[in-house]
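Values in this text are rule-based calculations from the coordinates and carry no lab data. A quick note: this is a predicted structure, and the numbers were derived from the prediction, not measured. Backbone-built Cβ (ideal geometry, glycine too); neighbour counts: all protein chains shown.
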Amino acid sequence: MAEVVSSENIQGVHVVTPNVYADERGFFVETYRREWIPEGSREMIQANRGDRQSGCVVGLHYHLHQADYWYVPFGTVRVVLHDLRQGSPTEGVTEQTDLVGTEHRGIFIPPGVAHGFATLTDATITYMVDNYYNPADELGVAWNDPEIAADWGLDNPTLSERDQSNPLRNAIPQADQPRYGLRN
């Protein structure tokens with residue numbers, strides 16, 4: 001059975017380390033099981049894959065109505081999380097963790113926690129979500145916000161235009177600010 005550990009820093013974030021079964025032919029690993037996700041969470045209903053070259057930053061993104069589950073089958077990414085949820089016991093906390101393909105760990109990210117990743121090597125990331133893509137729920141905060149103080153592990157990352165133009169945390173419109181415990 002997989003080991004599921006709650007983050008010591010951000011409430012609602014869980015890191016999963018599944019069992020890996022290997023022999024002379026290779027290995028087998030379950031990358032996701034519903035039972036690993038916290039009670040009260042919705043079923044994951046869409047899966048996505050992203051391939052990125054080394055040196056990219058994706059994020060910081062967040063959703064008001066969607067949770068994510070990330071898994072890296074190839075490469076190394078630095079995951080950055082920041083709790084934006086007003087009223088959360090861990091509001092304002094930033095956390096970094098590396099997901100390495102050979103370690104097979106996954107991470108569950110609840111709604112309202114800003115999330116992004118830096119590719120420390122060429123990498124593939126798969127992510128499952130518990131809501132269908134909704135552009136109105138694709139929100140962002142500046143990847144280099146000094147209040148968030150993220151350690152991306154990169155000096156001069158490549159970013160999308162969208163990620164370069166996300167607002168600072170203190171400039172997020174009131175209507176886009178997540179609240180702890182509220183979601184549709």
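For the chain, what does the convex hull of the Cα positions come to per residue, in cubic angstrom?
Numbers: hull volume 21.5 nm³, N = 184.
Hull volume over Cα atoms, normalised by residue count, gives 117 Å³.
For the residues PHE117, PHE74, what sequence is obtained by ranking on other C-beta atoms within 10 Å, fewest first? Display every interim value, and only then the final one.
Numbers: PHE117 29, PHE74 15.
The order, fewest Cβ neighbours first, is PHE74, PHE117.
Could you derive backbone 3J(HN,Hα) for segment 135-148 from the dihedral phi with the Karplus parameters 6.51, -1.76 and 1.60 (θ = phi - 60°), listing whole Hz in sequence and x where the residue is Gly or Pro?
x, 6, 10, 9, 10, x, 9, 4, 5, 10, 4, x, 5, 7
Take ASP122 and ASP176, extend 7 Å from each Cα along the Cα→Cβ direction, and tell me the distance between the two endpoints in nm.
3.4 nm
Between segment 102-121 and segment 1-34, what is the separation of their alpha carbon centroids in Å?
So the separation of the two Cα centres works out to 13 Å.
Spelling out what I want: for every residue of segment 106-116, take phi, set θ = phi - 60°, compute 6.51 cos²θ - 1.76 cosθ + 1.60 (Karplus), and round to whole Hz; glycine and proline get x.
Calculated HN-Hα couplings, in order: x, 9, 9, 10, x, x, x, 9, 5, 9, x Hz.
So which GluC sites (Glu not before Pro) in segment 65-124 are both in a DSSP loop and have at most 14 other Cβ atoms within 10 Å of their Cβ?
Details: sites: GLU91, GLU95, GLU103; in loops: GLU91, GLU103.
Here the sparse-neighbourhood loop sites are GLU103.
May I ask you to list the residues of segment 47-71 whose amide nitrogen lies under 18 Å from a point 7 Å from Cα along the Cα→beta-carbon direction of PHE27?
70-71
Taking amide H atoms as placed 1.01 Å from N in the peptide plane, list the residues 5 or more away in sequence, or in a different chain, whose amide H sits under 5 Å from that of THR90.
GLN11
What is the order of PHE108, PHE27, fewest Cβ neighbours within 10 Å to most?
Ordered from fewest to most neighbouring Cβ atoms within 10 Å, PHE108, PHE27 come out as PHE27, PHE108.
Run the helix sum for the chain: -39,500 (n - 2.57) per DSSP H stretch of 4+ residues, divided by residue count, reported at 222 nm to the nearest 500 deg cm²/dmol.
Roughly -500 deg cm²/dmol at 222 nm, from the helical runs in the chain.
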